[in-house]
Amino acid sequence: MSVAENQVAAGRGSARAVAILSSLGRFLVVAVTTYLGLLAVTFFIGRVIPIDPVLAVLGDRAPTAVVERTRREMGLDLPWIEQFYLYVKAALRGDFGTSVLTTNPVMADIRRVFPATIELATLGTIIGAVIGVPLGVLAAVKRGSLIDQIARVVGLIGYSVPIFWLGLLGLVLFYAKLQWIAFPARLDVVYEYTFTPITGFYLLDAAIQGQWDVFHDAWRHIVLPAALLGYLSLAYISRMTRSFMLNELAQEYIVAARAKGLSETRIIWGHALRNAAVPMVTVIALSYANLLEGSVLTETVFSWPGIGLYITNSLQNADMNAVLGGTIAIGSVFIAINLLSDLLYRLLDPRTKTG
Amino acid sequence: MSAETIQSRREWLLSDRPASRLQARLGRAYVAWRRFSANRLALVGMLIIIALVLVAALADVLAPYSATVGDLKNARLLPPSAAHWFGTDDLGRDIYSRIVYGARWTLYVVILVAIIAAPIGLLVGTVAGYAGGWTDTILMRITDIFLAFPKLVLALAFVAALGPGIENAVLAIAITSWPPYARIARAETLTVRNSDYIKAVQLMGASPFRIVLRHIMPLCISSLIIRVTLDMAGIILTAAGLGFLGLGAQPPLPEWGAMIASGRRFILDQWWVAAAPGAAILIVSLGFNLLGDGLRDALDPRSGDQ
Amino acid sequence: MNGDTLLEVDDLRVTFPTRTGIVQAVRGVSFSLGRERLGIVGESGSGKSQTGRAIMGLTPPQAEVSAKKLAFNGIDLLSISPRQRRSLRGNRIAMILQDPKYSLDPVMTIGRQIVETLRTHEKVSRAEARERALAMLQAVQIRDPARVFDLYPHEVSGGMGQRAMIAMMLITGPELMIADEPTSALDVTVQLDVLKILDKLVAERGMGLIFISHDLRLVSSFCDRVVVMYAGKVVEQIKASELRDAQHPYTRGLLNCMPRIGFERHPLPVLDRKPEWAA
């Protein structure tokens, strides 16, 4: 390489670094403003809408002394903007107040329940992607065929079905009638006291410790709720995969790949899907975020002790701190997933590196 | 009517040189209808929605029993039979009648959410798109923030603060569902903002208010209708979810989600109490999804198979 | 059969079923090709591209292809299995498409795309495949093959992309090359470079070339023989050197459209299209 070309290459390299840095900067700005927006909304819900926020937090049975102390702690005598400042500061420290229901700090509760939700949503997404991607690819390749029609119907029902209802019917069939799965909970009571989790993901923990009876039991509890969430994500993922694949299969590089004499298998999975994979990352990430949300209803049906059940229990008991803390927790993960998928998109698509 | 007049009417509708604005509009509608009605699934969707509206309107005629008062003594938790097509619930109420009346509440939620959320989105989107600059940046930043939120969870939090009830559920759903409409309206606005005919209207001295209201908003309507129809299923599911959690419609309202919640207690023995209202939700959301897909393919051929 | 005949096309027809009826894109095209350069000229929609794709076996699945004879080196292309057809494609018959911006896979490096063709048809080691790909890049006059090998298609210019495309299609040493408007999407300044490279390689390797273009002048200066197509039919076959004496009014019309230095062209001639030529 000549000196001049070297300089050009070096120039390109630094331009690339600048582009990546500036997009990283933009990500940070977006992340920070979105998070502030989330806090502004929960602040609005917790402090502005209720006539007396203290009552909203403590309920109406709290002693007067406690009410007065909480009023001062929340800074309700200060102007809005100062209150919001204190609110954000507390939230950044992970301080969302105390739950009336559990009497624990909300943050401690969330730490305790979140792994259950993550375990459920992750398994759901894996099921959805492992079935949804191939189904979408086949539907696109054999467009108009029986498998395309089946994929379409499966997808449409997934978009239209109330998941909590499907869960209840599932319990009737698989738990009560067929007895294939365990009752709604995370583990049998026997194991609740003998099993010590490490990561909080029971399947993983049981496998690490080699307690296969626990693993089997955990599996029997998680399989139906995970399959249901998996179905929701399958409906979304297969539909988007089909649409991306149809788009890619119509491109000229597919004709070129055929002209090269490549097999259809290689063209579909090696070229078209590789190109479709770039936007698919975003879709799978979004579907994961949606499952975190879908878990609220699913966890209620299956008594799954995750963040969704925590929020709904708190709702039923007018435990405002816990509700808003849970909302912020899910919202934060949502925002983080959105940003990560954006970042991943840029990493996967060679065209954005030098753009 | 003779075949000839039908033929000439079709020609009039499909004319390349419409003589009036009305003829052009009718012609376009006719073309869109032909594309729409060629899609059998879309027609099924439309039939489902028409049926929903009819059932809601004729509930008093169609329902053999009261929706709120049951026969506690003789008719508790009866399985489906000729007298009670879908059985009865724990308060001895006829489930079929409750579902028929529930159609009203489903329509109520869907329509209210649409007429609250769609105009908000339309306004935010067109103003942001037409004004540009800082207005655009700030409005779209807010929209993005709402878009980045989990909808159901946010609606839950809103209802928690506002208190349970079907009106508050509607409000909470509306608050969380306008951002996509703002996005669409802005995108449409941007495509026409710099077009010559908008310039012409500007030269004639029209106020920005008038331009946005009379010349930009109408252009956003069709894509907005498609999106709202596609969202209907989601709205129904969210409302039912809130009802299921006891945060939406309160007893004794025959709202389908709340009916599933009350059937949950007997699900293992009297499964039909929860089964029928869930099936109703499934069918109606399916109807909206099919209709929305059909409308999109008919009105917006660009989107093709997406 | 003449031993030198590479390709024989007799009464080739390509039809597409559409909602409004059957569209005949190619309606009985016949020609034969030796180790020479044949140009196919016509307007868009004349069926010239579909002719090329039918020879390649790349017509869309809903289309129907028929011919009295479609033979490559004596192999009847329409009767062999799809698998055998595929083993010919990219191996003994290759094709260059119009725009490298769209015809190269955007998420795969140029080098990998070239190696892919080679390894599909020949059992070679990774290292050898890489060596041959680099040599091929050198042959299409890319100065720094090792660097270009690892670039993505969007990182190179159109001219460079088309050279990579040629390298990708020539690496297996095909006997017949179909070039479908290979320079139309390129800058005028690099069109000639790319053509020269193509011409040189075709000549060196003794290949047959079908050059599909809408540009009669380009074709006449570049090819030995010219087939003029109109509405799915061949209206004239003529040696490039005798083009000035073309008989058919459509060919004459195309010729008249070419601007020449030193002649006034006012008003600009309008191409005459008579329905009976299509009959």
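As a summary of the residue check, A:Arg26 satisfies the conditions (1) modelled with pLDDT under 85; (2) away from chain B (no Cβ under 14 Å); (3) part of a helix (DSSP H, G or I); (4) open to solvent by 80 Å² or more (accessible area, probe 1.4 Å) except for the one numbered (2). Sort through A:Leu324, A:Leu315, A:Leu348 and tell me the only one that's aliphatic (A, V, I, L, M) and away from chain B (no Cβ under 11 Å). The conditions single out A:Leu348. Scan segment C:224-257 for residues that are touching a Phe, Trp or Tyr at 6+ places or on another chain (Cβ under 6 Å) and at pLDDT 85 or above and the total you get is 3.
When the helices (runs of 4 or more DSSP H) confined to segment B:40-156 are screened for residues that are open to solvent by 10 Å² or more (accessible area, probe 1.4 Å) and touching a residue at least 40 places away in the same chain (Cβ under 8 Å), those reaching at least 1 such residues are found at B:40-57, B:95-131, B:133-147.
For segment A:86-126, enumerate the residues that are of a type in the set (A, V, I, L, M), open to solvent by less than 50 Å² (accessible area, probe 1.4 Å) and within 22 Å of A:Arg239 (Cα to Cα). Once the filter is applied, which keeps residues that are of a type in the set (A, V, I, L, M), open to solvent by less than 50 Å² (accessible area, probe 1.4 Å) and within 22 Å of A:Arg239 (Cα to Cα), segment A:86-126 yields A:Ala121, A:Leu123.
Of the residues making up segment A:171-185, at least one is open to solvent by 40 Å² or more (accessible area, probe 1.4 Å), assigned to a helix (DSSP H, G or I) and away from chain B (no Cβ under 11 Å). Candidates C:Arg83, C:Arg126, C:Arg53: the one that is buried (at least 18 other Cβ atoms within 10 Å of the Cβ), among the charged types (D, E, K, R) and out of contact with any Pro (no Cβ under 8 Å at 6 or more places or on another chain) is C:Arg53.
For segment C:189-218, residues that are modelled with pLDDT of 90 or more and touching an Asp or Glu at 6+ places or on another chain (Cβ under 7 Å) total 4.
Remark: pairs (first residue in segment C:236-251, outside any helix (DSSP H, G or I); second residue hydroxyl-bearing (Ser, Thr, Tyr); Cβ separation under 7 Å; 6+ apart in sequence or on different chains) = C:Glu236/C:Thr251. Filtering segment A:309-320 to residues that are at pLDDT below 90 and either open to solvent by 20 Å² or more (accessible area, probe 1.4 Å) or of a type in the set (A, V, I, L, M) (or both) leaves A:Leu315, A:Gln316, A:Asn317, A:Ala318, A:Met320.
Just so you know, in segment B:246-269 the residues that are at pLDDT below 90 and at the interface with another protein chain (Cβ under 10 Å from one of its Cβ atoms) include one that is surrounded by the fewest Cβ atoms within 10 Å (Cβ to Cβ), and it is B:Asp269. Evaluation of C:Glu43 against the conditions (1) buried (at least 18 other Cβ atoms within 10 Å of the Cβ); (2) of a type in the set (Asp, Glu); (3) more than 10 Å from chain A (Cβ to nearest Cβ) shows that the sole unmet condition is (1).
Looking only at residues in segment A:248-277 that are of a type outside the set (Gly, Ala, Ser), part of a helix (DSSP H, G or I) and at the interface with another protein chain (Cβ under 7 Å from one of its Cβ atoms), the one that is most open to solvent (accessible area, probe 1.4 Å) is A:Arg274.
State which residue is surrounded by the fewest Cβ atoms within 10 Å (Cβ to Cβ) when the search covers only segment B:218-233 and only residues that are within 12 Å of chain A (Cβ to nearest Cβ) and in contact with a Phe, Trp or Tyr (Cβ under 8 Å, 6 or more places away or on another chain). Here the answer is B:Leu230. Looking across segment C:138-163, just one residue is open to solvent by less than 10 Å² (accessible area, probe 1.4 Å), outside any helix (DSSP H, G or I) and under 18 Å from C:Glu116 (Cα atoms), and that is C:Val140.
Residues in segment C:138-148 that are more than 25 Å from C:Glu175 (Cα to Cα) and either in contact (Cβ under 8 Å) with a residue 24 or more places away in the chain or more than 8 Å from chain A (Cβ to nearest Cβ) (or both): C:Arg143, C:Ala146, C:Val148. For segment C:83-137: of the residues being within 9 Å of chain A (Cβ to nearest Cβ), of a type in the set (Asp, Glu) and assigned to a loop (DSSP other than H, G, I, E, B), which is farthest from A:Arg274 (Cα to Cα)? Here the residue is C:Asp99.
Quick check on segment A:280-300. Is at least one of its residues under 27 Å from the mean Cα position of the chain (by Cα) and within 14 Å of chain C (Cβ to nearest Cβ)? Looking for residues that are under 27 Å from the mean Cα position of the chain (by Cα) and within 14 Å of chain C (Cβ to nearest Cβ), one finds at least one in segment A:280-300, hence yes. With respect to being open to solvent by 10 Å² or more (accessible area, probe 1.4 Å) and in a helix (DSSP H, G or I), A:Glu293 fits the description. B:Ile142 meets the stated requirement of being more than 21 Å from B:Trp105 (Cα to Cα), of a type in the set (Val, Ile, Thr) and within 11 Å of another protein chain (Cβ to nearest Cβ).
The values are calculated or read from the model by the stated rules, or taken from the named source; none is laboratory data. Fair warning: this is a prediction, and the values are worked out from it, not measured in the lab. When we count neighbours, we look across all protein chains shown, and the Cβ atoms used for this are built from the backbone with ideal geometry, even at glycine. All accessible areas refer to the heavy atoms of the entire protein, side chains included, with ligands and DNA or RNA removed. Shrake-Rupley method; radii C 1.70, N 1.55, O 1.52, S 1.80 Å.
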